[in-house]
Amino acid sequence: MKIRASIGTAAALGLEKIRVLVKPTTAYLMLYSESHCQSNCMFCSQARDSQGNTNQLSRVLWPVYDLSELIERFETIDSGIKRICIQTIRFENSTTDLMNILTMLSKSSIIIPLTVCSYPVTKTEFEEMKTLGVKRVGISFDCATPELFDKIKGSKRGVDISWQTLEKAMVDAMEVFGNRFVSTHLIIGLGETEQQAVNFLQRFYDKKVTVGLFAFTPVRGTDLEKLPQPEMASYRRIQLARYLIFKGTSSFSNMSFSEEGTIIDFGTPSVEIKNALVSGKPFKTSGCPHCNRPFYNESPGKELYNFPTDLNSQELSEVEQYFTKFMN
Ligand code: SF4
C-alpha cells in the first residue's frame, strides 16, 4: 500500500541517505493519492485548485513509500521516534484507505502512540480509529476566526466543510478519545490579529484541546504563494501568550491589546515572563507530545519560528530581545 512520509521521517527510518540537522521525534505520514485533495485550503499544495506539487506539504518534501517497508523499519530500527502522525487528505475512498493503513499498523509490533490529523469523519469512524489503536486525533481549524476559515478554506473556497462542521467533529472526537487527546492547529499569518489568535488559544484551552502553532509558509503554486511569512516579533508574542495560557499563569481576559489588536500586556507579573523566557519552552514546537516538526516553517539557517529542540544560550538571548519592553 502506498503512503507518503516526510523526508525527515524517511531519513530517521534509514530510507533516505540525507543529512538531517534535527531528527523528527514524530514520524509524519500522509495518505497517498494520485490526485489533489478535495479540500481547497489557500495555503496548501495539496489543495484542489493548487498548481503546487502533491509531494509537498508546507515547505517539506513527502516522497511515496510502501507501507509494509515503513512498518518493517519501525519494527527493526531504533529511530528515536516517539509518535506517529498520519496526515489525511480527502479523495474518493480516503477514509477506507486510512482504515486499511490503521489495520496494517495494528497488526504490527509497533507500540508508538498514533495520532491521526483528520478531516471531519463520523463518530462511528472515530470509534473505529480508536479500536485500531489511534490514541489522539488532530482536527485542524488552522484559522483564528470563522470568517477567516470561510475565506481561506471554507465556503468561499467551494468547500463543504465549515467551522461548525469541525466543531461538531471535535465534540465527537472528545467523546471518543477524551478531551485531553484532541489537538488542533492554528496558522499565524493568514490575516488574523494577535488578539484574535490569543482568543482562539483561550477558547481551545478552555475546552482542554491542545493547540499546535504554525507560522504561515508560502508554497509555490498555491493561492498564497506571494504572501509573506508573519513578523517574527508578533509570532514570538503569540507563542508566549500560548505558553502562559496553557500554563495557567495568564488568560485572554487578563491580557491587553492595542487598537490594532497587538499584545501590549501579557496580564502576568514580569517574573512569570522572565521565567518563561529563561526556560525557552514557549518557543519550542507546540502540539501533540513529541511533535517537533523540524524546519516545517523555515529553512535551516534562517531564524526559527518553532524550535524543534531545546534552545541553546544564543537562541535564548535572541528570543529575549523581543520582550525587553515587557520586562519592567
Ligand atoms: S500537532 Fe503534530 S502530531 Fe499532532 S496532529 Fe498536528 S502535526 Fe500531528
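The values are calculated or read from the model by the stated rules, or taken from the named source; none is laboratory data. Being a predicted model, the structure only gives us computed values, none of them experimental. Cβ coordinates were reconstructed from backbone atoms using ideal geometry, including for glycine residues, and neighbour counts include every protein chain displayed. With ligands, DNA and RNA removed, areas are computed over all heavy atoms of the protein, side chains included. Shrake-Rupley method; radii C 1.70, N 1.55, O 1.52, S 1.80 Å.
Of the heavy-atom accessible surface of region 2-326 (probe 1.4 angstrom), what whole percent is carbon and sulfur?
Details: 6990 of 14060 Å².
On region 2-326, the fraction of accessible area on carbon and sulfur atoms equals 50 percent.
Hand me the trypsin sites (Lys or Arg not before Pro) from region 240-328 located in a DSSP loop with no more than 15 other Cβ atoms within 10 Å, in residue order please.
Numbers: sites: R242, K247, K274, K284, K302, K325; in loops: K302.
Filter output for region 240-328: K302.
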Principal axis dimensions, largest first and in whole angstrom, of region 19-117 by Cα: 40, 34, 20
Antiparallel DSSP beta bridges within region 2-326, as percent of all bridges there, nearest 5: 30
State, to one decimal in nm², a quarter of the convex hull surface area for the C-alpha atoms of the chain, i.e. the direction-averaged projected area. 16.0
Pairwise centroid distance, computed over Cα atoms, of region 40-58 with region 223-242, Å: 20
Over what distance in Å are the Cα centres of region 10-35 and region 137-201 separated? 26
State, to one decimal in nm, how far the label point of S109 lies from the label point of S279, with both points 7 Å from Cα in the Cβ direction. 3.8
Over every pair of different alpha-carbon atoms in region 219-303, take the mean of 1/r and invert it; report that Kirkwood radius in Å. 14.8
Separation between the I264 and K151 pseudo-spin-labels, each 7 Å from Cα along Cα→Cβ, expressed in nm? 2.4
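Using the heavy atoms of the protein chains alone and a 1.4 angstrom probe, what is the accessible area of the chain per residue in square angstrom? Display every interim value, and only then the final one.
Working: 14340 Å² over 328 residues.
Computed with neighbouring chains in place, this is 44 Å² per residue.
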With +1 assigned to the C-beta of every Lys and Arg and -1 to the C-beta of every Asp and Glu, and no other charges, what is the dipole magnitude of the chain about the Cα centre in debye, to the nearest 20? 480
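Once you have the Cα-Cα distance between N53 and T122, take 0.36 nm times their residue separation minus that, and quote the gain in nm to one decimal.
21.9 nm
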Could you check the simple spin-label distance between E92 and R203, using points 7 Å along Cα→Cβ, in nm with one decimal? 3.6
